[in-house]
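The values are calculated or read from the model by the stated rules, or taken from the named source; none is laboratory data. This one's a predicted model, so the numbers in the text were calculated from it and none came from an experiment. Glycine gets a Cβ as well: all are built from the backbone with ideal geometry, and neighbour counts include every protein chain shown. Remember, those area values only see protein heavy atoms, side chains included, never the ligands or the DNA or RNA. Shrake-Rupley method; radii C 1.70, N 1.55, O 1.52, S 1.80 Å.
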Amino acid sequence: MINLADNTNAWGMPPAARAAISDLSSAACYPTPQADELRAALSSYTGFPPEMITTGCGSDGVLDAAIRAFAAPGEGIAFASPTFQMIPVFAEINRLVPVVIAPGELARADAQIAYVCSPNNPTGGVAAREDIIELLRSRRRGEIVIVDEAYAEFAGTSVVDLVRDYERLLVTRTMSKAFGLPGLRVGYAIGNADLIARVQQVRGPYAVSALSEQAAVAALTDGVDWMREHAALANAARDWLISALRERGLQPLDSAANFVFLPVDGAEVIASRMFMAGVVVRYFPELSALRITAGPQPLMDAMLSALDDARRSCE
Ligand SMILES: *Cc1c(COP(=O)(O)O)cnc(C)c1O
């Protein structure tokens with residue numbers, strides 16, 4: 001099977017991370033409760049001090065902890081639709097009220113937490129910096145803004161610098177996408193030290209395993225060049241894929257991440273036929289759209305031929 005459904009790094013993981021996990025001895029000891037080595041490595045990578053960084057079991061773990069830290073059951077979490085599909089799930093399991101807002105109207109949201117995904121999963125667009133600033137300025141006392149930058153390394157842009165000026169901004173990131181380590185479950189967030197301390201408390205001790213920490217530290221120290229090279233390859237593959245789809249008369253959206261959102265008639269049927277042909281893409285039944293991860297050329301060729309066959313058999 002060719003998996004182009006998860007937006008992970010289709011080239012794999014940095015060799016430095018693979019080498020680091022071949023030594024299993026750290027598994028015999030507890031890691032530090034708040035992953036101190038990992039936070040030190042993230043500090044060098046991001047330029048923020050360790051007390052402005054928290055980590056977790058994937059950025060999913062960080063988002064879930066942040067939601068519980070900042071909102072009580074019955075309070076609202078606002079987000080535009082479509083966005084990262086886990087957000088309504090986290091809202092529900094934490095008994096928050098989902099407040100779905102039209103894109104561009106987020107600053108008007110009346111909610112304890114406002115969530116923005118940039119680049120947005122699944123559509124691939126980057127939120128304008130001025131819009132994030134407007135959103136931050138519109139918040140009342142105690143209200144929090146979370147910007148999910150899971151794809152920041154592909155986009156090459158970020159609003160993380162705003163955490164220095166806005167004490168209610170939390171920016172989440174992950175080792176699962178450009179760094180290619182989704183199976184190790186390592187995510188992090190950057191924010192003002194008081195905000196971070198509140199998330200740490202809810203997240204609890206030992207959320208990142210010793211082996212995951214070891215591999216992530218290696219990726220962040222000796223794997224950054226590899227990551228940058230492969231993020232650039234993914235961006236080139238994405239641009240190639242967008243043109244190839246447009247040449248077919250299709251209308252993929254522009255994307256700043258390593259995936260392409262493709263509204264297409266019969267998306268669900270097309271996705272299931274592609275699946276039968278061994279190619280997995282994500283489909284969004286209510287939007288009649290596919291989301292396809294960009295990857296090495298042979299995978300793109302195989303995917304396009306499965307897509308062409310599937311569309312032909314739909315005619
Ligand atoms: C993949 C993804 C995540 C979750 O990644 P983790 O593996 O939990 O770190 C978070 N947000 C968005 C928008 C994603 O696409």
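Table for the structure above
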item	result
Neighbours by Cβ (under 9 Å, 6+ apart or cross-chain): first from the range 28-46, within 15 Å of THR221 (Cβ to Cβ) and of a type in the set (S, T, N, Q); second in a loop (DSSP other than H, G, I, E, B) and at pLDDT 95 or above	SER43/PRO49
Answer from VAL269, VAL264, VAL279 - the residue that is farther than 14 Å from ASP6 by Cβ and open to solvent by less than 30 Å² (accessible area, probe 1.4 Å)	VAL264
So ALA10, is it in a loop (DSSP other than H, G, I, E, B), at pLDDT 95 or above, buried (at least 21 other Cβ atoms within 10 Å of the Cβ) and more than 13 Å from the ligand (Cβ to nearest atom)	yes
Breaking point among (1) in contact (Cβ under 8 Å) with a residue 60 or more places away in the chain; (2) open to solvent by 10 Å² or more (accessible area, probe 1.4 Å); (3) not in a strand (DSSP E or B), for PRO122	(2)
Among (1) under 30 Å from PRO285 (Cβ atoms); (2) open to solvent by 10 Å² or more (accessible area, probe 1.4 Å); (3) over 12 Å from the mean Cα position of the chain (by Cα); (4) within 16 Å of the ligand (Cβ to nearest atom), the one test that ILE113 misses	(2)
Qualifying residue in the range 38-52 (condition: among the polar types (S, T, N, Q), within 16 Å of the ligand (Cβ to nearest atom), under 14 Å from VAL199 (Cα atoms) and crowded, with 17+ Cβ neighbours inside 10 Å)	no
Filtered residue count, the range 125-144, keeping only those that are under 23 Å from SER255 (Cα atoms) and buried (at least 20 other Cβ atoms within 10 Å of the Cβ)	4
Residue in the range 13-37 that is most open to solvent (accessible area, probe 1.4 Å), counting only those that are farther than 19 Å from TRP226 by Cα and polar (S, T, N, Q)	SER25
Test result for PHE90, in contact (Cβ under 8 Å) with a residue 12 or more places away in the chain, of a type outside the set (A, V, I, L, M) and under 19 Å from ARG203 (Cβ atoms)	yes
Whichever residue in the range 146-170 is under 13 Å from ALA66 (Cβ atoms) and surrounded by 24 or more Cβ atoms within 10 Å (Cβ to Cβ) and, among such residues, is farthest from the ligand (Cβ to nearest atom)	LEU169
Qualifying residue in the range 84-103 (condition: within 30 Å of VAL217 (Cβ to Cβ), crowded, with 17+ Cβ neighbours inside 10 Å and away from the ligand (no atom under 14 Å from the Cβ))	no
Residues of the range 171-182 satisfying the condition of being touching a residue at least 40 places away in the same chain (Cβ under 8 Å), touching an Asp or Glu at 6+ places or on another chain (Cβ under 7 Å) and open to solvent by less than 10 Å² (accessible area, probe 1.4 Å)	THR172, ALA178
Qualifying residue in the range 188-208 (condition: part of a loop (DSSP other than H, G, I, E, B), open to solvent by 10 Å² or more (accessible area, probe 1.4 Å), within 16 Å of the ligand (Cβ to nearest atom) and in contact with a Phe, Trp or Tyr (Cβ under 7 Å, 6 or more places away or on another chain))	no
